[in-house]
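A.B. asks: The structure that follows is given in the form of structure tokens.
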């Protein structure tokens with residue numbers, strides 16, 4: 001597999017639970033190519049396997065079968081140590097519940113991945129300050145997570161995911177716990193990241209979040225059942241608000 | 001209603017009363033407000049436009065309810081165009097509903113594929129509305145209008161999911177019973 005245009009790829013990617021009669025095909029032979037810089041949304045009813053797929057792509061879970069390639073390198077059969085290293089350096093995760101360390105300030109949370117990857121504390125601090133500035137929270141660096149709004153907490157979590165300049169950002173229901181205003185905060189940040197060329201794969205059940213992606217795949221029973229290109233739009237916003245005469 | 005009547009004739013030529021019965025079946029309680037004359041008025045217009053041709057049944061008086069209506073080639077073309085067009089009719093769910101019913105009855109197109117094409121179109125529009133929201137400042141009143149547009153599109157998308165669930169089940173042939 002030498003298609004380096006795709007930063008993230010899977011072939012025949014499968015994850016089964018149980019066996020015999022009770023075999024559940026959570027992810028069933030999924031082939032996926034995510035070109036660099038693409039924002040991809042994965043949608044589907046709960047239990048369709050979309051979160052499991054994201055975990056397989058990011059090396060949080062091991063596939064039963066199939067392959068995952070990141071920037072032309074096969075990652076599904078790395079050993080635990082190699083996998084952990086790959087996750088730290090090349091993948092950024094964003095979760096529905098933020099998963100911030102409650103005892104640490106916003107800046108310390110964002111510093112953490114860089115420190116774990118072996119960067120100097122000075123480099124980690126500088127990177128965290130830059131990222132918090134970039135996400136518009138330059139004045140909240142010393143706040144603890146509980147002192148921040150939901151949208152701010154998720155933005156800090158996104159900054160943390162970006163700390164080691166990952167090849168791919170993987171987001172599992174990133175707006176699932178947010179109200180409309182906070183959702184818009186997060187979507188604006190994603191739009192900025194997209195403009196900067198960040199590759200992003202997100203799982204969501206919210207059509208309004210999914211519709212802002214470049215591409216939307218629908219999942220059902222562990223398989224892709226639809227693949228829609230959304231970027232570009234229809235140029236018919238006038239129709240939408242009833243101004244077409 | 002013209003398009004729906006044409007699409008129903010695509011299955012086979014039919015009497016007006018039969019068409020009316022099929023429309024009422026597709027519409028359920030919503031079809032009860034449709035009066036008997038409406039179908040004949042529509043058929044007369046379609047005949048005048050050259051989209052259907054009427055043939056009198058042998059030995060019966062020349063009354064509209066005795067005629068058998070059939071599509072002309074121009075009518076066929078118009079049905080195909082209607083089925084493949086993905087314009088979301090303004091607040092006209094009925095038209096889309098009838099399109100699915102007619103497509104299924106005449107086996108002209110797979111209703112699930114029609115739903116899918118429509119969903120893709122609505123998602124693109126929703127994306128457009130959402131991107132416009134993101135570009136507006138927080139205190140913008142235009143953002144409020146776009147919010148309304150997005151919420152309505154979202155409701156339409158949920159309804160399309162329901163359409164897909166129903167039309168992806170195999171149908172029994174009770175339609176013409």
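A.B. asks: If you average the alpha carbon positions of the range B:1-36 and of the range A:62-110, how far apart do those two centres end up, in angstrom?
C.D. replies: 58 Å
A.B. asks: Would you work out if chain A is rounded, prolate or oblate? Take a ≥ b ≥ c from the square roots of the eigenvalues of the alpha-carbon gyration tensor; rounded if a/c is under 1.5, else prolate when a/b is larger than b/c, oblate otherwise.
C.D. replies: In terms of gyration-tensor shape, oblate.
A.B. asks: With a cut-off of 8 Å between alpha carbons and a minimum separation of six or more residues, what is the relative contact order of the range B:1-109 in percent?
C.D. replies: Across the range B:1-109, relative contact order equals 39 percent.
A.B. asks: OK, next. Within a 10 angstrom radius of the beta carbon, how do B:72, A:180, A:212 rank from fewest other beta carbons to most?
C.D. replies: The fewest-first ordering by Cβ neighbours comes to A:180, B:72, A:212.
A.B. asks: Next up: May I ask you to derive the relative contact order of the range A:1-40, considering only C-alpha pairs under 8 Å and at least 6 residues apart, and to give it as an integer percent?
C.D. replies: It rounds to 45 percent for the range A:1-40.
A.B. asks: Choose one answer from B:38, B:118, B:76: the residue with the largest mean-square fluctuation in a GNM of chain B with alpha-carbon springs under 10 Å.
C.D. replies: B:38
A.B. asks: Hey, could you pull the Cα Rg and Dmax for the range B:110-177, both in Å?
C.D. replies: 16.7, 58
A.B. asks: Using a Gaussian network model of chain B whose springs link C-alpha atoms within less than 10 Å, name the residue from B:42, B:141, B:94 with the highest mean-square fluctuation.
C.D. replies: B:141
A.B. asks: Whole-Å semi-axes of the protein assembly as shown's equivalent ellipsoid, largest first, each the root of 5 times a Cα gyration tensor eigenvalue?
C.D. replies: Gyration-tensor ellipsoid for the protein assembly as shown: 53, 25, 16 Å.
A.B. asks: With the cut-off at 1.5 for a/c, could you classify the range A:1-48 from its C-alpha gyration tensor as rounded, prolate or oblate?
C.D. replies: It is oblate, given that a/c is not under 1.5 and a/b is not larger than b/c.
A.B. asks: Using the Kirkwood radius over C-alpha pairs as Rh, can you work out the diffusion coefficient of chain B via Stokes-Einstein at 10 °C, viscosity 1.306 mPa s, in µm² per second?
C.D. replies: It diffuses with D of about 88 µm²/s by this estimate.
A.B. asks: Could you tell me the distance between the Cα centroids of the range B:102-138 and the range B:38-56, to the nearest Å?
C.D. replies: 32 Å
A.B. asks: Using just the helices of the protein assembly as shown, give the 222 nm mean residue ellipticity in deg cm²/dmol: DSSP H runs with n ≥ 4 each add -39,500 (n - 2.57), and the total is spread over all residues, rounded to 500.
C.D. replies: It lands at -14000 deg cm²/dmol.
A.B. asks: Distance between Cα centroids, the range A:8-33 to the range A:115-182: provide it in whole Å.
C.D. replies: 32 Å
A.B. asks: Translational diffusion coefficient, Stokes-Einstein: compute it for the range A:89-232 using the Kirkwood radius over C-alpha pairs as Rh, at 4 °C and 1.567 mPa s, and state it as an integer in µm² s⁻¹.
C.D. replies: Translational D for this selection: 83 µm²/s.
A.B. asks: Counting other beta carbons within 10 Å of each residue's own, what order do B:69, B:40, B:17 fall into, fewest first?
C.D. replies: B:17, B:40, B:69
A.B. asks: Using a Förster radius of 56 Å, what is the FRET efficiency between residue A:133 and residue B:76 based on their Cβ-Cβ separation? Nearest 0.05, please.
C.D. replies: 0.30
A.B. asks: Which ordering of A:218, A:22, B:168 is given by a fewest-first count of other beta-carbon atoms within 10 Å?
C.D. replies: A:22, B:168, A:218
A.B. asks: Hey, what did chain A get for relative contact order, percent, Cα under 8 Å, at least 6 apart?
C.D. replies: Result for chain A is 27 percent.
A.B. asks: Shifting gears a bit: Using the beta-carbon distance between residue B:85 and residue A:180 and R0 = 35 Å, what value does 1/(1 + (r/R0)^6) give for FRET efficiency, to the nearest 0.05?
C.D. replies: 0.60
A.B. asks: Identify the residues of the range A:11-38 with backbone N under 19 Å of a label point that sits 7 angstrom from the Cα of residue A:64 along the Cα-to-Cβ direction, or state none.
C.D. replies: Only A:11-32 fall inside the zone, counting backbone N under 19 Å.
A.B. asks: Here's something else I'd like to know. Pick from A:100, A:23, A:57 the residue whose mean-square fluctuation is largest in a GNM of chain A, springs joining Cα atoms under 10 Å.
C.D. replies: Evaluated over chain A, the most mobile residue of the options is A:23.
Bear in mind that the values in this text are calculations on the coordinates, not laboratory data. Quick caveat: nothing in here was measured; it's all calculated off a predicted structure. A quick note on method: Cβ atoms are made from the backbone with ideal geometry, for glycine too, and the neighbour counts reach across all protein chains shown.
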